[in-house]
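Written below as structure tokens is the structure these notes are about.
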Amino acid sequence: MKRVFKKLLIPIVAFVCIFSCEDYLDVAPERGVDQEEVFTDYFATRSIIDRAYRLMNNPKYNWNDWEGEFFVMADENQSAKLNNPMASTFNAGNWFDQNWRDLGGMTFLTRNQEFGDARDRFANVVDKGMWAIRAVNMLLENIDQLEEYPTELGFTSQQLKDQLVGQAYYLRAFHYFQIIRRYGPMPILDQVLSSDSEFDLPRPTYLESSDFILEDLDRAIALLPERWTGPNLGRGSKSSARALKAMAALYAASPLMNPQLNPFGSNGKQYNTDYARIAVDAAVECINGLASGGYRMHTWENYTDNWYSRTSTFSPESLIVPPHSAYTDPVTSSRYGSGWFLPQMLGGWGACSHPTQNAVDWFETASGYATNDPDAETLGGFDPSNPFENRDPRLRRAIFVHGDNMFEGLASAPGAARRVVDVSPGGFHFNQEFNVWNNAWTGYYSRGKHSWPGNDNWNRAVGFFVYMPYIRVAQVYLDLAEAANEVYGPNGAIPGSSFTAVSALNVVRERAEMPPVISKYTADKETFKQRIYNERAVELFQEEHRWFDLKRWHLAVEVLGEGEIYGLDISEDSSGNLVFGKKVVPGAQRVFEPKHYWYPFPSAVMNNFAVFEQNPGW
């Protein structure tokens with residue numbers, strides 16, 4: 001009875017494949033352990049924790065991992081091929097009973113494949129989360145069986161036990177949050193479920209599910225160390241748990257998660273200030289503890305060290321980051337990201353995607369004016385005839401634009417025509433993308449967040465450690481600004497800190513060599529909120545946040561469903577001067593109705609239940 005959902009909620013944990021603990025971000029070898037020995041052996045018990053870390057989905061697991069769906073599901077990127085399943089199925093709104101990628105996590109079980117499949121392509125986030133939650137629940141239920149602790153690790157027995165239990169609560173909260181931010185509220189998974197457990201239960205509210213997360217994180221904060229060192233770098237710390245608490249509470253405060261304030265089908269955008277206040281407090285505590293935890297923001301000079309580095313296996317700005325795989329420790333592929341962000345022009349696959357004009361427009365002028373502000377030209381220095389100059393420096397760090405030399409400073413390069421991006425009619429890239437490859441090109445290429453200089457078919461640079469942080473220090477400041485704006489307004493003092501919502505946002509801007517937010521944008525809460533949203537879109541560009549942000553803000557119907565996907569349009573005037581504009585990308589679509597705010601449970605699951613409710617609209 002209810003076999004399918006039981007299979008989802010109680011996957012068998014294969015302890016014979018539990019992994020030992022090496023460096024956190026290094027690849028851990030298999031360690032055969034008999035199930036009866038697990039909870040009487042410290043290292044076997046700790047390997048359960050390590051497994052739960054490794055079950056964090058790593059979008060950069062492999063050189064060709066197709067994990068860029070969030071870019072093209074939102075408005076950041078557009079699939080180059082319109083017959084790509086992301087463009088033809090997901091962007092078309094056909095989500096029900098899909099068995100693929102992020103929408104396939106309720107029936108597409110991994111069968112322990114997250115290590116068996118070298119590319120990790122078939123292990124879905126939700127599947128992994130269910131495996132991890134069951135594993136740490138078993139640890140929490142059996143931890144008192146562990147009576148002997150090693151003395152050579154430099155910790156007391158109580159410290160080692162606290163580390164295990166603290167990480168278990170932290171990881172359970174992390175994985176449960178990944179599930180509910182996709183599917184909405186779920187049963188409280190605080191125990192190991194058996195075949196006798198009852199599953200056909202009323203669903204809790206999102207706030208009740210969030211309370212479970214916040215309680216787990218409070219337990220974790222009390223037990224986790226401030227700082228890990230040596231081979232343990234990257235494990236969850238107090239700062240990690242505080243950052244996750246701030247993020248989870250901000251989600252709980254958001255309009256989508258509060259149907260009592262913003263009913264299904266409405267256009268309501270009211271925040272829950274009680275949870276916003278929790279997010280503020282958690283973010284402040286996180287920021288106040290960053291130094292003692294060994295965390296800091298990179299300088300602008302080292303900005304890309306957030307995503308790749310030749311020397312560091314761990315970025316000090318990363319508060320939560322998935323472990324390395326065999327393919328990222330360091331990278332051995334000479335064309336990394338070929339399945340999603342590496343342009344076909346540089347040696348990637350035709351299935352790649354490209355930044356949209358929508359995204360380019362988010363980057364302000366260098367003096368801080370929105371490009372659609374009437375004052376941008378007269379006061380902000382924006383020149384429509386030279387639109388990529390005098391812009392936020394993050395634009396050219398993230399995106400190749402018309403006129404950029406994609407091979408500048410590199411030892412090897414193709415013919416001159418291919419090197420410099422030319423989107424003008426008759427230009428090399430224009431002709432190749434539109435007329436030869438027949439792509440739905442936007443006129444832009446992804447640049448430096450996930451791809452380093454020389455990651456191309458001619459230079460084939462290797463040897464980089466690569467990562468995709470779940471939460472960076474910069475995000476904590478963004479979370480603080482958004483939550484504080486709802487509680488205290490743009491300029492109200494935030495208790496326990498020296499910040500206001502505006503000054504918190506300015507910390508992120510200052511690192512990028514951008515000026516403080518212009519005063520007219522901070523006049524009131526609603527006006528400033530738009531700059532907060534825009535700053536998140538810029539700073540967290542291509543980091544798998546935009547898709548979830550648009551939904552939790554209750555803006556996805558408006559921005560995606562009722563909006564358009566634009567690309568660059570260059571023409572010539574009668575004098576032969578280039579005229580820069582934008583045009584709708586032919587064939588690009590983003591079907592998004594109110595029902596798409598939550599992923600649908602597949603029919604194979606719902607057919608087994610009478611009480612457990614499907615998400616609204618499906």
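Here's the yes/no breakdown for (1) open to solvent by less than 40 Å² (accessible area, probe 1.4 Å); (2) closer than 19 Å to Glu76 by Cβ; (3) modelled with pLDDT of 95 or more:
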residue: Arg335; (1), (2), (3): no, no, no
residue: Pro343; (1), (2), (3): yes, yes, no
residue: Pro374; (1), (2), (3): no, no, yes
residue: Thr378; (1), (2), (3): no, no, yes
residue: Asn386; (1), (2), (3): no, no, yes
residue: Arg394; (1), (2), (3): yes, yes, yes
residue: Ser412; (1), (2), (3): no, no, no
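Report, by residue number, each residue of the stretch 528-573 that is under 22 Å from Ala512 (Cβ atoms) and open to solvent by 50 Å² or more (accessible area, probe 1.4 Å). Once the filter is applied, which keeps residues that are under 22 Å from Ala512 (Cβ atoms) and open to solvent by 50 Å² or more (accessible area, probe 1.4 Å), the stretch 528-573 yields only Gln530.
Out of the residues in the stretch 294-314 that are polar (S, T, N, Q) and at pLDDT 95 or above, state the one that is surrounded by the most Cβ atoms within 10 Å (Cβ to Cβ).
Filtering the stretch 294-314 for residues polar (S, T, N, Q) gives 299, 302, 304, 306, 309, 311-313.
Now drop any that are not at pLDDT 95 or above, which leaves 299, 302, 304, 306.
Details: Thr299: 9, Asn302: 13, Thr304: 18, Asn306: 22.
So the residue we want is Asn306.
Taking the stretch 414-423 as the range and being under 21 Å from Pro387 (Cβ atoms), open to solvent by 20 Å² or more (accessible area, probe 1.4 Å) and either over 34 Å from the mean Cα position of the chain (by Cα) or in contact (Cβ under 8 Å) with a residue 60 or more places away in the chain (or both) as the test, no residue passes. The number of residues in the stretch 345-372 that are polar (S, T, N, Q), open to solvent by 10 Å² or more (accessible area, probe 1.4 Å) and assigned to a loop (DSSP other than H, G, I, E, B) comes to 3.
Just to be sure, is Glu215 in a helix (DSSP H, G or I) and more than 22 Å from the chain's Cα centre (by Cα)?
It is true that Glu215 is in a helix (DSSP H, G or I) and more than 22 Å from the chain's Cα centre (by Cα).
Would you be able to say whether some residue in the stretch 225-233 is in contact with a helix residue (DSSP H, G or I) (Cβ under 6 Å, 6 or more places away or on another chain), on the phi < 0 side of the Ramachandran plot and crowded, with 23+ Cβ neighbours inside 10 Å? Scanning the stretch 225-233 turns up no residue that is in contact with a helix residue (DSSP H, G or I) (Cβ under 6 Å, 6 or more places away or on another chain), on the phi < 0 side of the Ramachandran plot and crowded, with 23+ Cβ neighbours inside 10 Å.
Take the stretch 171-212 and flag every residue that is small (Gly, Ala, Ser), open to solvent by less than 20 Å² (accessible area, probe 1.4 Å) and part of a loop (DSSP other than H, G, I, E, B). Residue satisfying the conditions is Gly184 alone. Checking every residue in the stretch 144-159 against the condition of being acidic (Asp, Glu) and closer than 23 Å to Arg227 by Cα gives at least one match.
Restricting attention to the stretch 256-279 and to residues that are among the aromatic types (Phe, Trp, Tyr) and within 17 Å of Leu478 (Cα to Cα), the residue that is least open to solvent (accessible area, probe 1.4 Å) turns out to be Tyr271. Within the stretch 468-483, the set of residues being open to solvent by less than 10 Å² (accessible area, probe 1.4 Å) and in a loop (DSSP other than H, G, I, E, B) comprises Met468, Pro469.
Here are some residues: Ala282, Ala253, Ala291, Ala249. Which one is small (Gly, Ala, Ser), open to solvent by 20 Å² or more (accessible area, probe 1.4 Å), modelled with pLDDT of 95 or more and on the phi < 0 side of the Ramachandran plot?
Details: Ala282 fails: open to solvent by 20 Å² or more (accessible area, probe 1.4 Å); Ala253 fails: open to solvent by 20 Å² or more (accessible area, probe 1.4 Å); Ala249 fails: open to solvent by 20 Å² or more (accessible area, probe 1.4 Å).
Exactly one residue qualifies, and that residue is Ala291.
None of Val476, Val502 is more than 17 Å from Asp392 (Cβ to Cβ) and in contact with a strand residue (DSSP E or B) (Cβ under 9 Å, 6 or more places away or on another chain) except Val476. Only one entry of Gly576, Gly617 meets the criterion of being open to solvent by 30 Å² or more (accessible area, probe 1.4 Å), of a type in the set (Gly, Ala, Ser), touching a helix residue (DSSP H, G or I) at 6+ places or on another chain (Cβ under 9 Å) and on the phi > 0 side of the Ramachandran plot, and that entry is Gly617. For the stretch 484-491, check the following and say yes or no: at least one residue is touching a helix residue (DSSP H, G or I) at 6+ places or on another chain (Cβ under 7 Å), among the acidic types (Asp, Glu) and either buried (at least 23 other Cβ atoms within 10 Å of the Cβ) or touching a residue at least 24 places away in the same chain (Cβ under 8 Å) (or both). Taking every residue of the stretch 484-491 in turn, at least one turns out to be touching a helix residue (DSSP H, G or I) at 6+ places or on another chain (Cβ under 7 Å), among the acidic types (Asp, Glu) and either buried (at least 23 other Cβ atoms within 10 Å of the Cβ) or touching a residue at least 24 places away in the same chain (Cβ under 8 Å) (or both).
A search for C-beta distances below 8 Å between a residue of the stretch 265-284 that is assigned to a helix (DSSP H, G or I) and any residue that is among the polar types (S, T, N, Q), counting only pairs 6+ apart in sequence or on different chains, returns Tyr275/Ser210; Val284/Ser497.
The rows are residues; the columns are (1) modelled with pLDDT of 95 or more; (2) over 25 Å from the mean Cα position of the chain (by Cα).
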{"position": "Val436", "(1), (2)": "yes, yes"}
{"position": "Thr442", "(1), (2)": "yes, no"}
{"position": "Pro453", "(1), (2)": "no, no"}
{"position": "Arg460", "(1), (2)": "no, yes"}
{"position": "Tyr470", "(1), (2)": "yes, no"}
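Within the stretch 595-615, residues that are assigned to a loop (DSSP other than H, G, I, E, B) sit with their Cβ atoms under 6 Å from residues that are hydroxyl-bearing (Ser, Thr, Tyr) and modelled with pLDDT under 90, at 6+ positions apart or across chains, in these pairs: Pro602/Thr107.
Mind listing just one residue for me: the one in the stretch 579-605 that is among the basic types (Lys, Arg) and more than 30 Å from Arg203 (Cβ to Cβ) and, of those, surrounded by the fewest Cβ atoms within 10 Å (Cβ to Cβ)? Once the filter is applied, the top-ranked residue is Lys583. Take the residues in the stretch 34-88 that are within 19 Å of Thr442 (Cα to Cα) and open to solvent by 30 Å² or more (accessible area, probe 1.4 Å); name whichever of them is modelled with the lowest pLDDT. Of everything passing the filter in the stretch 34-88, Pro85 is modelled with the lowest pLDDT.
Within the stretch 389-403, is even one residue in a loop (DSSP other than H, G, I, E, B) and touching a helix residue (DSSP H, G or I) at 6+ places or on another chain (Cβ under 7 Å)? Yes, that holds for at least one residue.
For the stretch 147-170, a residue qualifies if it is over 14 Å from Phe43 (Cβ atoms) and not in a helix (DSSP H, G or I), and the qualifying residues are Glu147, Gly154, Thr156.
The values are calculated or read from the model by the stated rules, or taken from the named source; none is laboratory data. Quick caveat: nothing in here was measured; it's all calculated off a predicted structure. Cβ atoms come from the backbone with ideal geometry, glycine included; neighbour counts cover every protein chain shown. Ligands, DNA and RNA are stripped out before the accessible areas are found, and what is left, the full protein with its side chains, is counted by its heavy atoms. Shrake-Rupley method; radii C 1.70, N 1.55, O 1.52, S 1.80 Å.
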